[in-house]
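Engineer: Got a structure for you, written out below as structure tokens; questions coming shortly.
The values are calculated or read from the model by the stated rules, or taken from the named source; none is laboratory data. Remember, predicted model here, so these are calculated numbers, not experimental data. All Cβ positions, even for glycine, are placed from backbone atoms using ideal geometry, and neighbour counts span all protein chains on display.
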Amino acid sequence: MLRLVVLLIVAVLPFSSEAREGMWLPMLIDDFNIGEMQEMGFKLSAADVYAVNAASMKDAVVRFGNGCTGGVISAEGLIITNNHCANSAIQKLSSIENDYLTAGFWASSREEELPNEGLTVSILRSMKDVTALVLSGVNDSIRESARQRIIASNIDSISNNAVKDLHYQAVVEPFYSGNRYYLFVYEVFKDIRLVGAPPAGIGDFGGESDNWMWPRHTGDFALFRIYADESNRAADFSPTNVPYKPAHHFPVSLEGVEEGDFAMVLGFPAKTSQYVPSYHVSMLADLVYPKMIELRDAKLDIMDRHIEQDQKIRLQYAAKHSAVANSFKRWKGEIRGLKMLEGAEMKQQYEAGFNTWLNSDSMRIVSYGNILGEYSKLYKALSKYRLAHDYMLELIGYTGIETLKFAGSFERLATLVDAEEVDEDAVEMEKLHLREQAEKHFKDFSKAIDMEICVSLFEMMAL
């Protein structure tokens, strides 16, 4: 069995295997993980993985767009990511005449590389534990609303101070349900150009039937290049920009691997629900996921019918269809896995052990009380609100009713116009921004599909 360590920059979707699993922050591996990693065959140091003032692997791992991971694989800014992560960017560049989604694309020169408006690539420059600063002024006696206001204010101050006079962006992320907070500082590159992508028969081989299934036989990759200004700093698109020169890049090896070789994954794979109680697992598997699957199934049926009838709609809705289908398939797989492996029952066994540990010490009882009993009461009340929350996201989110989402983009303009003293310059700037958004919106919009989805969702939610 290939031994595996999963090393994470933000958070992890946990999985089961015979390998070592868990969630580790690059900043902390020197304290907690490097010894075990080296025993397993890792031949580098912790500083080779993460260092602030020296080149390290963190400089070659990028956040592609808003959530995917990519790797820098050349000294001239070439990056590789998953084809499904690039799907939206490639779709926006495609047309009936130049259907790059179906036929693929390969630039034979730098001049042929295609700019991607709105696409970003973020590279982590540093991270820091800022828990004490975020929770400054917070105590157990204040109301939750006041607590959240203080935390939000502290986070704004921390983020702004971290990048003052710098061309970086900062974000503070909560970990362990807000028990820890970490500051991440990124350099965000905005000039990203498509270099190559395989045709759909390779890049999307197996389609949704193979999605979330293993082993896979998909050529799931795409190549882009990061461009920077003449000082090698992130910049908006410009014909005068040059390929970015990274502090570190991953050399590509053709030697393959041997049984038992050390392997690890370094990236940005979303979030974990590993520490939720059994009540949460049951809520998802028995209530929330089945309802969401029904809604997504209805959306897919409507999209499929229109896509089969119109090539233009096929291109317009390629990325949207993929986004709807991705979670639809994942939720079905999660329910199956949780039932097959008795996920809720496993949690209950762990909780029984916790209760035994708790009741063996009177001081622990004072500290934790009847915490599992409280969880039981809370989740009975929470379930209906969680379902309502997820229904709302299905209505107004990326895969929801597009007209509602587009209408929401006018909120800032309405606020500016209704102000006691109207800032005419700000109003004109926002109108210009909305014209640009409207052009993007209607480029990939079908009124017929949106109306059918709207009616279908409201009818299903009313049941």
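Engineer: Looking at 135, 194, 183, 124, can you tell me which residue is more than 23 Å from the chain's Cα centre (by Cα) and at pLDDT 95 or above? Before the answer, list the steps.
Structural biologist: On the way: 194 fails: more than 23 Å from the chain's Cα centre (by Cα); 183 fails: more than 23 Å from the chain's Cα centre (by Cα); 124 fails: more than 23 Å from the chain's Cα centre (by Cα).
Sole residue among the options that is more than 23 Å from the chain's Cα centre (by Cα) and at pLDDT 95 or above: 135.
Engineer: So which residues in the range 367-403 are more than 21 Å from the chain's Cα centre (by Cα) and acidic (Asp, Glu), if there are any at all?
Structural biologist: Answer for the range 367-403, where residues must be more than 21 Å from the chain's Cα centre (by Cα) and acidic (Asp, Glu): just 374.
Engineer: Now, a different point. Can you name the number of the only condition in (1) loosely packed, with under 13 Cβ neighbours inside 10 Å; (2) within 17 Å of residue 396 (Cα to Cα) that residue 423 fails?
Structural biologist: That leaves (2) as the condition not met.
Engineer: Restricting attention to the range 28-72, which residues are among the aliphatic types (A, V, I, L, M) and touching a residue at least 40 places away in the same chain (Cβ under 8 Å)?
Structural biologist: Hits for the range 28-72 are 37, 40, 49, 52, 55, 57, 60, 61, 62, 72.
Engineer: Further question on the same structure: With the checklist (1) more than 25 Å from the chain's Cα centre (by Cα); (2) of a type outside the set (S, T, N, Q); (3) surrounded by 12 or more Cβ atoms within 10 Å (Cβ to Cβ); (4) closer than 26 Å to residue 88 by Cβ in hand, flag the one item residue 364 doesn't pass.
Structural biologist: All conditions are met except number (4).
Engineer: When you go through 229, 286 one by one, which is the residue that is charged (D, E, K, R), closer than 30 Å to residue 117 by Cβ, over 24 Å from the mean Cα position of the chain (by Cα) and surrounded by 13 or more Cβ atoms within 10 Å (Cβ to Cβ)? I'd like the intermediate steps shown before the answer.
Structural biologist: On the way: 286 fails: closer than 30 Å to residue 117 by Cβ.
229 is the lone residue from the list that is charged (D, E, K, R), closer than 30 Å to residue 117 by Cβ, over 24 Å from the mean Cα position of the chain (by Cα) and surrounded by 13 or more Cβ atoms within 10 Å (Cβ to Cβ).
Engineer: Quick one: in the range 37-72, which of the residues that are assigned to a loop (DSSP other than H, G, I, E, B) and under 25 Å from residue 118 (Cβ atoms) is modelled with the highest pLDDT?
Structural biologist: Only one residue fits best here, namely 60.
Engineer: Is there a residue being loosely packed, with under 13 Cβ neighbours inside 10 Å, in the same structural domain as residue 28 (by TED's automatic domain parsing) and over 26 Å from the mean Cα position of the chain (by Cα) anywhere in the range 261-272?
Structural biologist: Scanning the range 261-272, I find at least one residue that is loosely packed, with under 13 Cβ neighbours inside 10 Å, in the same structural domain as residue 28 (by TED's automatic domain parsing) and over 26 Å from the mean Cα position of the chain (by Cα), so the answer is yes.
Engineer: Does residue 282 satisfy the condition of being in the same structural domain as residue 383 (by TED's automatic domain parsing) and farther than 20 Å from residue 329 by Cβ? Explain how you work it out, then say what you get.
Structural biologist: On the way: in the same structural domain as residue 383 (by TED's automatic domain parsing): yes; farther than 20 Å from residue 329 by Cβ: yes.
Criteria met by residue 282.
Engineer: Quick one: residue 273 ticks every box in (1) small (Gly, Ala, Ser); (2) in a helix (DSSP H, G or I); (3) in contact with a helix residue (DSSP H, G or I) (Cβ under 8 Å, 6 or more places away or on another chain) except a single one, so which number is it?
Structural biologist: All conditions pass for residue 273, except number (2).
For (1) in contact with a Gly (Cβ under 9 Å, 6 or more places away or on another chain); (2) in contact (Cβ under 8 Å) with a residue 40 or more places away in the chain; (3) not hydroxyl-bearing (Ser, Thr, Tyr), each residue gets a yes or a no:
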site	(1), (2), (3)
338	no, yes, yes
355	no, no, yes
360	no, no, no
376	no, yes, no
384	no, no, yes
390	no, yes, yes
